[in-house]
1. Please give the net charge around Leu171, taking every other residue with its beta carbon less than 15 angstrom from that of Leu171, where Lys and Arg add +1 and Asp and Glu add -1.
2. Please state, as a whole number in µm²/s, the translational diffusion coefficient that the Stokes-Einstein equation yields for region 1-68 at 25 °C and 0.890 mPa s, with Rh defined as the Kirkwood radius across alpha carbon pairs.
3. Just Ile70, Ile176, Ile131 to compare: in a GNM of the chain, with alpha carbon springs under 10 Å, which one fluctuates most?
4. Which residues' amide hydrogens lie under 5 Å from the amide hydrogen of Asp21, considering only partners 5 or more residues apart or on another chain, with H built in the peptide plane?
5. Would you mind putting 28-40, 57-69 in packing order, based on average other-beta-carbon counts within 10 Å, highest first?
6. State, as an integer percentage, the relative contact order of the chain based on alpha-carbon contacts under 8 Å between residues 6 or more apart.
7. How tilted is helix 185-211 with respect to the longest principal axis of the chain? Cα atoms for both, answer in degrees (0 to 90, nearest 10).
8. Build a GNM of the chain with springs between Cα atoms under 10 Å: which of Phe208, Phe161, Phe80 gets the top mean-square fluctuation?
Amino acid sequence: MTQLLAVAALGFFLGMRHATDPDHVVAVTTIVARQRSIRAAALTGAVWALGHTLTIMMVGGGIILFGWVIPPRVGLSMEFSVGVMLILLGVMNLWSARQAIHDQVAPARTSRADEALGRSSLTRSLVVGLIHGLAGSAAVALLVLAVIGKSTWSLLYLLIFGLGTVVGMVLVTAAIGVPFAARGSRFGRLNRALRMAAGGVSVALGLFIAYKIGIVEGLLSGHAPSR
């Protein structure tokens, strides 16, 4: 029983720590930057973590239960997709910040725009979480299986790891959402500047990951390990 509690505690806190990985934080920041309340920002984080946990459980569970083997080139492709995704998110953020017109929309249109923005942000968060989960699921599952050994406990660890990721990402996105939720004309320029900064950082990190995986690791040059 003590050992089980130790595994649960470890999974939860490592899940919270996992939520703060730079690529995760940068990706959700580009989405949270478009939110107008801390509650919406926290919901964005929760949906991201749900998508992340789904793929971790599906792919990780397959590795643990059925002995799936993820070829190195497939694993690198998943990581490369994270870089491409960060670039796209960053460009979208830069474009939306450039096009933003502060508080010059009629209230009725603003309400409809907020509703549409909320739906698109949640969908985007889920997709981004799924991609992030795919990129990291094999490494997490193999590490857990090597350390714990028992399939049942390994699956329990992944589930609790996912729960910790949810809690961690909700806290992270709620904190990130504070400056973006500021309203009023005096905050307009700051808000747009923060959105552009988030977009720029996302593009830079995405390019770095794409270069590292595509060139240094050999995915695009044909020198990636085949097994």
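The numbers here are math on the coordinates, done by the rules we state, and not lab data. Everything numeric in this text was worked out from a predicted model, so none of it was measured. Because the Cβ atoms are built from the backbone with ideal geometry, glycine has one as well, and the counts that use them run over all protein chains shown.
1. In short, +1.
2. It comes out at roughly 176 µm²/s.
3. In this elastic network of the chain, the residue with the biggest mean-square fluctuation among Ile70, Ile176, Ile131 is Ile70.
4. Amide H neighbours of Asp21, under 5 Å, 5+ apart: none.
5. The peptides rank, most packed first, as 28-40, 57-69.
6. 46 percent
7. 30 degrees
8. Phe208
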